[in-house]
Amino acid sequence: MSAFHTLKVGFHRLGSPPNFYRLCTRLAPWFWAGFVITAAIGLYQALYVVPPDYQQSDSYRILFIHVPSAWQALAGYAIMAVLAAIALIWRIRTTEILAMACAPVGAAFTLICLATGAIWGKPMWGTWWVWDARLTSMLVLLFIYLGIMGLYAAFEDRRKGARVACILVLVGVVNIPIIQFSVEWWTTLHQGSTINLFGESTMDPSMMPPLIWMTIAVKLMFTAVMIQRASLDLIDQDRRKRWVEDVIGEQNA
Amino acid sequence: MIPEFEYAAYVWSSYAIFAVVIAWQAAVPFLRRRRLMAELREERAFRSGSYGGQS
Amino acid sequence: MFGPLWALLSQDLRLAIRHGGESLMPLMFLFSVIILVPLGVGPGPNLLSAIAPGMIWVAALLSSLLALERLFRPDFEDGSLEQWWLGHLPVYGLVVVRLFSHWLITGLPIILFAPIAAEMLFLHPDALGTLMISLMLGTPILSLVGGLAAALTLSTNRGSVLLSILVFPLIVPVLVFATGAVSVAAEGISPQTHLGLLAAMLVLALTLVPLAVASALRLNIE
């Protein structure tokens with residue numbers, strides 16, 4: 001009972017801007033440190049430890065960047081959607097800001113996924129772009145992210161803009177599974193055989209560790225940038241307020 | 001140090017893209033924070049430090 | 001209760017007829033497509049019949065997009081949009097009526113002239129019925145999601161570019177299944193699954209989108 005109570009109080013405390021800001025600035029360096037460590041392990045394993053693939057030789061190493069980015073692009077959207085729902089239902093301002101902070105980072109990962117997918121496609125399929133199911137739905141996801149960012153930026157009243165953009169985020173939650181399903185349908189319709197950028201979907205177990213390390217690394221980095229962006233957005237919006245002056249004062253002292 | 005890969009250019013350019021985007025996403029909040037703090041410090045100094053004394 | 005809804009509908013239609021030129025844009029898009037595409041890719045019947053479903057659907061999409069700017073903005077700017085919440089009518093109903101009038105102006109002309117377009121682009125005769133059904137199911141979805149994008153961007157300044165970016169991901173499934181239905185019908189396979197999914201999307205959109213539109217409009221008015 002008291003654990004739940006502390007959780008509830010903690011959750012409510014996060015709604016207060018100074019607490020939120022303090023928590024974000026305190027946590028961010030830890031997430032960055034975690035990212036550096038896990039990414040170092042993952043990259044080392046991906047580049048030096050894992051042997052070349054039977055079919056794709058060394059170019060499959062791109063997978064260790066491509067796949068975690070794809071997963072994070074989707075996971076980031078899921079996080080953003082949960083935050084958007086909370087923001088719309090309970091009208092918590094810090095949640096609105098946090099939700100909007102997810103979008104640019106998620107878009108960045110979508111970009112990484114698309115770029116690495118294109119680079120991977122060139123030696124494998126001979127062309128810079130392949131209309132396979134994953135890349136096409138990633139492209140659409142990129143537009144969804146850009147739409148959310150553009151919508152948020154188009155409003156002068158930041159709070160109103162965040163709420164409107166949160167509606168769009170929730171619309172996207174319904175839309176993204178439909179898009180993925182329809183794009184997969186579309187590739188099977190038009191090409192007969194499914195082109196899978198993976199090649200064979202069963203991976204050698206020795207290839208799993210770097211993938212797992214990179215996935216964790218990417219999640220840590222996403223969180224770090226998300227909370228940093230959120231805290232800055234909060235300071236920017238609350239310029240004239242007392243708590244911001246106190247924070248500046250603390251920093252000067 | 002750098003192992004010899006087939007398709008080396010492709011592999012390294014992918015990893016380079018990853019590094020560049022991560023660095024970019026790290027730089028944006030860092031630079032924004034510096035600019036924001038400078039602006040706020042200046043506003044604060046203007047408000048308190050120089051009542052009518054700014055030339 | 002239906003009196004005011006009917007009044008809104010008839011007013012929208014009267015305004016559309018008065019802006020006669022703009023209301024003919026859907027047909028202009030369709031004819032541009034029919035004339036320019038063969039000029040661009042050559043008159044070979046095989047190629048034209050293969051791309052005909054996509055081209056007709058692109059015309060439908062463009063015509064729907066074009067009318068979105070004026071969907072809510074005039075009422076927003078002169079303040080009559082706020083009246084929607086002041087009466088006793090559900091805003092859901094008013095939104096549906098407004099989107100219905102949008103469909104009448106942009107979707108219906110495409111549907112009516114689609115047979116001519118199909119004939120000129122050598123669409124396989126078996127696929128014509130599927131084309132008509134896909135248009136009848138799909139163009140309302142276009143109006144619905146387009147209206148949602150228009151409602152979200154209502155009080156922003158950079159309307160049209162943002163509008164197109166917002167509409168595009170929402171349209172992708174509709175386009176995939178609609179053109180897919182016509183393509184398989186042209187090959188003689190039953191398009192039941194495609195059309196069934198399209199109908200499901202229409203039902204989903206019809207129930208959920210007006211709610212989202214209403215809340216987006218409400219937020220923008222404040």
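Okay, here's what the table says:
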read-out: Test: A:A162 is among the aliphatic types (A, V, I, L, M) and at pLDDT below 90; value: no
read-out: Residue count for the range A:94-115, restricted to those that are among the hydroxyl-bearing types (S, T, Y), more than 12 Å from chain B (Cβ to nearest Cβ) and under 17 Å from A:L220 (Cα atoms); value: 0
read-out: C:I105 being of a type outside the set (S, T, N, Q), closer than 26 Å to C:G3 by Cα, in contact with a Pro (Cβ under 9 Å, 6 or more places away or on another chain) and part of a helix (DSSP H, G or I); value: yes
read-out: The range A:123-134, subset in contact with a Ser or Thr (Cβ under 9 Å, 6 or more places away or on another chain) and part of a helix (DSSP H, G or I), residue nearest to the other protein chains (Cβ to nearest Cβ); value: A:P123
read-out: The lone exception for A:Q55 - which of (1) within 14 Å of chain B (Cβ to nearest Cβ); (2) assigned to a helix (DSSP H, G or I) it fails; value: (2)
read-out: Residue count for the range A:210-243, restricted to those that are more than 7 Å from chain B (Cβ to nearest Cβ) and either buried (at least 20 other Cβ atoms within 10 Å of the Cβ) or touching a helix residue (DSSP H, G or I) at 6+ places or on another chain (Cβ under 7 Å) (or both); value: 22
read-out: Residues that are surrounded by 15 or more Cβ atoms within 10 Å (Cβ to Cβ) and closer than 17 Å to A:A230 by Cβ, drawn from the range B:20-49; value: B:Q25, B:A26, B:V28, B:P29, B:R32, B:R33, B:L36, B:M37
read-out: A:A118 vs. criteria surrounded by fewer than 20 Cβ atoms within 10 Å (Cβ to Cβ) and either facing another protein chain (nearest Cβ under 10 Å) or of a type in the set (A, V, I, L, M) (or both); value: yes
read-out: Residue list for the range A:10-52, filter: within 11 Å of another protein chain (Cβ to nearest Cβ), free of Cβ contacts under 8 Å to residues at least 12 places away in the same chain and either assigned to a helix (DSSP H, G or I) or under 20 Å from A:T94 (Cα atoms) (or both); value: A:V36, A:Y48
read-out: In the range A:140-167, the residues that are farther than 15 Å from A:P104 by Cβ and crowded, with 20+ Cβ neighbours inside 10 Å; value: A:V140, A:F155, A:R163, A:V164, A:C166, A:I167
read-out: Selection from the range C:156-182 of residues that are within 7 Å of chain A (Cβ to nearest Cβ) and either in contact with a helix residue (DSSP H, G or I) (Cβ under 7 Å, 6 or more places away or on another chain) or at pLDDT 90 or above (or both); value: C:T156, C:L162, C:I165, C:L166, C:F168, C:P169, C:L170, C:V172, C:P173, C:V176, C:F177, C:G180
read-out: Tally of residues being more than 7 Å from every other protein chain (Cβ to nearest Cβ) and either more than 20 Å from the chain's Cα centre (by Cα) or small (G, A, S) (or both) across the range B:27-51; value: 11
read-out: Leading residue by the ranking (farthest from the chain's Cα centre (by Cα)) among those in the range A:151-180 that are farther than 23 Å from C:L211 by Cβ and not in a loop (DSSP other than H, G, I, E, B); value: A:R158
read-out: Residues being at the interface with chain C (Cβ under 7 Å from one of its Cβ atoms) and closer than 17 Å to A:L234 by Cα - total across the range A:145-189; value: 3
read-out: Residues (facing chain A (nearest Cβ under 10 Å), free of Cβ contacts under 8 Å to residues at least 24 places away in the same chain and under 27 Å from C:G129 (Cβ atoms)) located in the range C:198-219; value: C:A200, C:L204
read-out: Any chance B:W24 is at pLDDT below 95 and of a type in the set (F, W, Y); value: no
read-out: Yes/no for A:Y77 being under 30 Å from A:D238 (Cα atoms), in contact (Cβ under 8 Å) with a residue 60 or more places away in the chain and hydroxyl-bearing (S, T, Y); value: yes
read-out: Qualifying residue in the range A:81-93 (condition: within 14 Å of chain B (Cβ to nearest Cβ), of a type in the set (A, V, I, L, M, F, W, C) and touching a residue at least 24 places away in the same chain (Cβ under 8 Å)); value: no
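The values are calculated or read from the model by the stated rules, or taken from the named source; none is laboratory data. All values derive from a computational prediction rather than experimental measurement. A quick note on method: Cβ atoms are made from the backbone with ideal geometry, for glycine too, and the neighbour counts reach across all protein chains shown.
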